[in-house]
Amino acid sequence: MTQIISLFQAAVVFGTVILFGAVGEILTEKAGNLNLGVPGIMYLGGIASLIGVFFYEMNNPNPIPAVCLLIALVCALVAAAIGGLIFSFLTITLRTNQNVTGLALNIFAGGFANFFGGSLNKLAGGVGQISVATTSAAVRKTIMGSNNWAGPFDDMLLSYGFMVYLAIICAIGIKWFINRTSIGLNLRAVGENPATADAAGINVTKYKYLATCIGGAISGLGGLYYVMDYMKGTWDSAGAIEGLGWLALALVIFASWKPLRAIWGAYLFGALSWAYFYIPGLTRRSMELFKMLPYVATLIVLVVVAMQRSRENQPPAGLGLPYFREER
């Protein structure tokens, strides 16, 4: 029972990181932009939040938790949105290839984050010496408490910080936005057929820019959550954020571009990603096989969706395709 609870908690923690990345990318792809730079954007959100609160806590003997949270959120959102803006400028204005640009953004953002993460480690006195304990505690503080109403499953259901619930709210909010609002419907029209949307008077460029920047900002919260919750406010240059970012991209396909489906898919990916920790008797080689489970699940879903040929489970028709108004 203890192992089941522990696996569920790990699935929620890592699933939340993946969910933020996936929800942000779903919004981006609904506008027709394929941003493979999600791992890099999550890097930017994580390192920016850490830099902001590090200098605040270092210069304040009694940091205020609410101020720490505000600084971390603002820094992560702004840095990740800038990452989305860079991608938008290159792919929409300069018309570069979206796949190549996304991969280049990953390389740039990963190097940027690890450089400044290493600098912070050096400034703090060594690897693992960064101390933003107040911010980390504020992010990890449970908001529902423990009431023992669920018996042995109480910790499994309630022992999470506010960002776990924020990720779910974001998914529900994006679902409502793209399906129930006129702006969301315009956004979907841009992703499906930008030429038709343009002819109808919709500003295609504006919608693509806003969707990519806002989607990037949401994805960046995944990096913040990983750094402040799982890493407890320090920096890890081993590349774990990048791996979770790629899982977020896989989840977009797994969820068939549906934010609500991404919620349970994220927790499933979180469980599959760390299940090998809880299976006794595994060798190092078999562990590597179990690490493939989330990607195998995605491939299975791709095959099933392709066989069904259901229109509602397909990506936006204009996804990844550049739009030149002059060629309309």
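The values are calculated or read from the model by the stated rules, or taken from the named source; none is laboratory data. Nothing here was measured: the structure is a model prediction, and the numbers come from that model. Reconstructed Cβ throughout: ideal geometry from the backbone, glycine too, with neighbour counts over all protein chains shown. Remember, those area values only see protein heavy atoms, side chains included, never the ligands or the DNA or RNA. Shrake-Rupley method; radii C 1.70, N 1.55, O 1.52, S 1.80 Å.
Structure above, values below:
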read-out: Residue satisfying all of: in region 196-214; out of contact with any helix residue (DSSP H, G or I) (no Cβ under 8 Å at 6 or more places or on another chain) and hydrophobic (A, V, I, L, M, F, W, C); surrounded by the most Cβ atoms within 10 Å (Cβ to Cβ) among these; value: 210
read-out: Subset tally (residues that are in a helix (DSSP H, G or I), buried (at least 19 other Cβ atoms within 10 Å of the Cβ) and not small (Gly, Ala, Ser)) for region 254-266; value: 3
read-out: Yes/no for residue 219 being part of a helix (DSSP H, G or I), under 30 Å from residue 131 (Cα atoms), at pLDDT below 90 and touching a helix residue (DSSP H, G or I) at 6+ places or on another chain (Cβ under 6 Å); value: no
read-out: Failed condition for residue 278, given (1) of a type outside the set (S, T, N, Q); (2) surrounded by fewer than 15 Cβ atoms within 10 Å (Cβ to Cβ); (3) on the phi > 0 side of the Ramachandran plot; value: (3)
read-out: Region 30-60: number of residues that are surrounded by 24 or more Cβ atoms within 10 Å (Cβ to Cβ) and closer than 26 Å to residue 317 by Cα; value: 10
read-out: Selection within region 83-134 - within 18 Å of residue 233 (Cα to Cα), part of a helix (DSSP H, G or I) and polar (S, T, N, Q); value: 114, 119, 121, 134
read-out: Pair list, Cβ < 8 Å and 6+ apart or interchain, from region 288-308 residues that are open to solvent by 70 Å² or more (accessible area, probe 1.4 Å) to residues that are of a type in the set (Val, Ile, Thr); value: 302/253
read-out: Long-range neighbours under 6 Å by Cβ, at least six apart or interchain, first residue over 19 Å from residue 70 (Cβ atoms) and at pLDDT below 65 within region 150-172, second assigned to a helix (DSSP H, G or I) and among the acidic types (Asp, Glu); value: none
read-out: Odd one out for residue 305 among (1) outside any helix (DSSP H, G or I); (2) out of contact with any Leu (no Cβ under 9 Å at 6 or more places or on another chain); (3) among the aliphatic types (A, V, I, L, M); value: (1)
